[in-house]
Amino acid sequence: MVCPRDIKNIIFDMGGVLVPLAPERCIASFCRLGAVRTADYVRECRTEDMFLDIETGAMTTAAFCASVRRLDNIDAADNDITAAWNDLLLPSGSIRRGALECLRERGFRLFILSNTCEIHWLRASSELIPAEGKHIADYFERAFLSYELHCRKPAPEIYSAVLELAGIRADETLFIDDNPLNLSAAATLGLRTFHERTEHHWFDLSGEGL
């Protein structure tokens, strides 16, 4: 893919695009806590019940942890539950960080649009995405998060909100995501799209290709 010359902005998904995912590690961590039913949500990629509520900002972190304890009848501390959930995420790594720095240097405006919760965002934005000594703002102009917007991709209104709040045009914006449904919804609003997948990485295209 060669990015059209009129692209000025790039919107990145977080999990699976900026941050690699490790579902088996997360599942194992929940199982060690005795949260086997919670682990099944991760195994089945089920975004419902407490996982939906925390991603849309309808539930606090404390309430999420309480829901896990009730579901699995365990007495694990909040810190242990949030640590298990954060085990889903891996560090961005130097290749992704270098690609982001390259894109910033070339004048692209970079944003994040993620279906995520406060637990994951705090971990990713402070430790997993930025290199040591850097801040998330060194890479991205702004992050748009489902738990703050109270809406999830692929709902069309979340893309409209991002375009309006960022003050950017759809036809000048590339959206990178690993979920075809999210990409299709973005395309209906006029955004250009790139499908991140195992054999097709956005960071491989950040030199001459973007």
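On region 56-192, 50 percent of the accessible area sits on carbon and sulfur atoms, based on a 1.4 Å probe. The candidates Phe203, Phe30, arranged from most to least accessible area with a 1.4 Å probe in the full protein assembly, appear as Phe203, Phe30. Each Lys and Arg contributes +1 and each Asp and Glu -1, all at the Cβ; summed about the Cα centre of the chain, the dipole is approximately 240 debye. For Thr193, Thr173, Thr188, Thr60, the ranking by accessible surface with the largest value first comes to Thr188, Thr60, Thr193, Thr173, using a 1.4 Å probe.
So which GluC sites (Glu not before Pro) in region 122-162 pass both tests, a DSSP loop state and at most 15 other Cβ atoms within 10 Å of the Cβ? Loop-located and lightly packed - Glu132, Glu141.
The values are calculated or read from the model by the stated rules, or taken from the named source; none is laboratory data. Here the structure is a predicted model, which is why all the values come from computation and not from measurement. Virtual Cβ from ideal backbone geometry, glycine too; neighbours counted across all protein chains shown. Heads up: the accessible areas ignore ligands, DNA and RNA and are worked out on the full protein's heavy atoms, side chains in. Shrake-Rupley method; radii C 1.70, N 1.55, O 1.52, S 1.80 Å.
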